[in-house]
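Beneath this line is the structure, given in structure tokens, with notes to follow.
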Amino acid sequence: MKKTAVYPGSFDPITNGHVDIIKRGLRMFDELIILIAYNQNKKTLFTVEERRRMIEDVIKDCKNVRVDCSDGLLVDFVKESGANVILRGLRALSDFEYEFQLALINRRLSREVETVFLMTGYKWFYTSSTIIKEAASLGGSVKGLVPDIVNLRLTEKFAIPRERS
Ligand code: ADP
């Protein structure tokens with residue numbers, strides 16, 4: 001049976017921590033769908049379309065992976081897309097409680113869908129989209145923590161010099 005996983009998140013914007021999970025996920029599953037899960041009422045730095053374009057740029061050389069977006073129930077998307085696994089990344093302890101709740105509610109909503117966790121790569125332990133946006137908004141360099149295209153888009157958003165450290 002073909003194993004397809006959905007990797008959901010806000011990806012506002014995608015970071016190298018996300019990319020690490022994507023690459024490792026691709027070694028475990030036949031197909032991966034990166035899902036931009038959005039909520040119309042939630043304020044984000046990048047629009048869904050901007051986020052999608054950045055992710056597409058990052059995965060342009062990878063096979064068996066695509067991007068989609070949804071503002072609906074995650075387990076419905078997973079089933080409709082023919083997938084059977086939700087892939088999530090785990091960082092420090094702070095992720096655990098929320099991820100645990102999410103996995104349990106999704107399991108309650110659908111018994112056919114399992115959540116699989118990958119432990120963050122040690123280099124990305126402290127990397128989150130939130131901290132990246134905060135640093136970039138104040139003029140800090142986030143080079144090396146995000147894909148080059150994201151670094152560029154952040155500097156455009158905040159109009160800061162690209163190489164400042
Ligand atoms: P963030 O928490 O950075 O705003 P998302 O909501 O887009 O990011 O997260 C989507 C998934 O990716 C979640 O399971 C989250 O725990 C995971 N993730 C985010 N950043 C990292 C990282 N640096 N290493 C491993 N997993 C991560």
| message | Cβ-Cβ under 8 Å, sequence separation 6+ or interchain: first residue in segment 60-83 and over 20 Å from Leu26 (Cα atoms) and modelled with pLDDT under 95, partner surrounded by 13 or more Cβ atoms within 10 Å (Cβ to Cβ) and among the aromatic types (Phe, Trp, Tyr). Which pairs? | response | none
| Do you know which residues across segment 84-103 are touching a residue at least 12 places away in the same chain (Cβ under 8 Å) and either among the polar types (S, T, N, Q) or out of contact with any His (no Cβ under 9 Å at 6 or more places or on another chain) (or both)? | Asn84, Val85, Ile86, Leu87, Arg88, Leu90, Arg91, Ala92, Glu99, Leu102, Ala103
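Residue by residue, here is whether (1) at positive phi; (2) in contact (Cβ under 8 Å) with a residue 24 or more places away in the chain; (3) away from the ligand (no atom under 16 Å from the Cβ) holds:
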{"site": "Asn106", "(1), (2), (3)": "no, yes, no"}
{"site": "Tyr126", "(1), (2), (3)": "no, yes, no"}
{"site": "Thr130", "(1), (2), (3)": "no, no, no"}
{"site": "Ala135", "(1), (2), (3)": "no, no, no"}
{"site": "Gly140", "(1), (2), (3)": "no, yes, yes"}
{"site": "Pro147", "(1), (2), (3)": "no, yes, no"}
| said: I'm trying to understand the selection: among the residues of segment 12-34, which are more than 16 Å from Leu118 (Cβ to Cβ) and within 12 Å of the ligand (Cβ to nearest atom)? | reply: Asp12, Pro13
| query | Which condition does Val67 not pass, out of (1) out of contact with any Asp or Glu (no Cβ under 8 Å at 6 or more places or on another chain); (2) within 29 Å of Lys123 (Cβ to Cβ), if it passes all the others? | reply | (1)
| query | What are the pairs, 6+ residues apart or on separate chains, where a residue within segment 17-30 that is free of Cβ contacts under 8 Å to residues at least 40 places away in the same chain and crowded, with 21+ Cβ neighbours inside 10 Å has its Cβ under 9 Å from a residue that is of a type in the set (Gly, Ala, Ser) and part of a helix (DSSP H, G or I)? | reply | none
| field | Options Thr115, Thr120: the member that is surrounded by 16 or more Cβ atoms within 10 Å (Cβ to Cβ), closer than 30 Å to Phe158 by Cβ and near the ligand (Cβ under 10 Å from one of its atoms) | value | Thr120
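Would you confirm, using the coordinates I've provided, whether Lys157 is over 13 Å from Pro13 (Cβ atoms) and charged (D, E, K, R)?
Answer is no for this residue.
The rows are residues; the columns are (1) among the hydroxyl-bearing types (Ser, Thr, Tyr); (2) under 27 Å from Val142 (Cβ atoms).
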residue	(1), (2)
Ser10	yes, yes
Val19	no, yes
Lys23	no, yes
Ile34	no, yes
Glu49	no, yes
Arg53	no, yes
Cys69	no, yes
Val85	no, no
| Taking segment 96-140 on its own, how many of its residues are closer than 15 Å to Pro13 by Cβ and among the hydroxyl-bearing types (Ser, Thr, Tyr)? | 5
| note | Sole miss for Ala83 among (1) within 15 Å of the ligand (Cβ to nearest atom); (2) crowded, with 19+ Cβ neighbours inside 10 Å is condition (1)
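The values are calculated or read from the model by the stated rules, or taken from the named source; none is laboratory data. None of the values given here were measured: they were computed from a predicted structure. Ideal geometry is used to build each Cβ from the backbone, glycine not excepted, and the neighbour counts take in all protein chains shown.
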